[in-house]
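Novice: This is the structure I want to talk about, given as structure tokens.
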Amino acid sequence: MKLIGSKQEQDFRKELEGSNIVLARDGKAEAILNVLRTTFGEVKSAYILNWTPDQSEDIFTILVDLDRIAKIEISRVDHLELPIIETFNLKDFQRGLSKIFRIKLAVAIDLAKKRHQNG
């Protein structure tokens, strides 16, 4: 999907820039990053595309680096419970997404590319 600099894209860019958990410094971000590193090894960028707070867990959908998607479920109740992680390649994940979510994903990929180019 080609980005055109729309207001929607600018809004997503602002939201996503603050969601790169590689740069975050709070406990929940550290927990998520540890799960990602255990699963994928080195992680240069990890943008939260979606966060669903549920009654007993938080569910995060994350773009990891440039081409992988992780869905992570972290218990809010039992902090000793291991997180559940599902991984997808980008092409499989993109099928069936709404236009708005495809735009958000394209913006996240653009941010990740810039982050990877700058080291």
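Values in this text are rule-based calculations from the coordinates and carry no lab data. Since we're looking at a predicted model, the values are computed, not measured. Quick reminder, even Gly has a Cβ in these numbers, built from the backbone with ideal geometry, and neighbours come from all protein chains shown.
Novice: When Glu42, Glu57 are ordered from fewest to most other Cβ atoms inside 10 Å of their Cβ, what list results?
Specialist: Going from sparsest to densest Cβ surroundings: Glu42, Glu57.
Novice: Could you state the angle between the C-alpha long axis of helix 99-117 and the longest principal axis of the C-alpha atoms of the chain, as a value from 0 to 90 degrees rounded to the nearest 10?
Specialist: Taking the Cα atoms of the chain, the angle to 99-117 is about 90 degrees.
Novice: Here's a follow-up. Report, in degrees rounded to the nearest 10, the 0 to 90 angle that the Cα long axis of helix 7-17 makes with the longest principal axis of the chain.
Specialist: 40
Novice: Quick check: Cα centre of the range 102-116 to Cα centre of the range 46-64, how many Å?
Specialist: Centre-to-centre distance over Cα atoms comes out at 17 Å.
Novice: Which angle between 0 and 90 degrees, to the nearest 10, do you get for helix 27-40 versus the longest principal axis of the chain when only C-alpha atoms count?
Specialist: The answer is roughly 80 degrees.
Novice: Using all alpha carbons of the range 7-117, what is the percent of pairwise distances in each 10 Å bin, ordered from the shortest bin to the longest?
Specialist: Pairs per bin, as whole percents: 14, 49, 32, 6, 0.
Novice: What spacing in nm lies between the two simple spin-label points modelled at Glu81 and Thr38, each 7 Å away from Cα in the Cβ direction?
Specialist: Modelled inter-label distance: 1.5 nm.
Novice: Oh, and also: Contour minus end-to-end for Arg95 and Gln117, with contour as 0.36 nm per residue of separation and end-to-end as the Cα-Cα distance?
Specialist: Contour length minus the Cα-Cα distance gives 5.2 nm.
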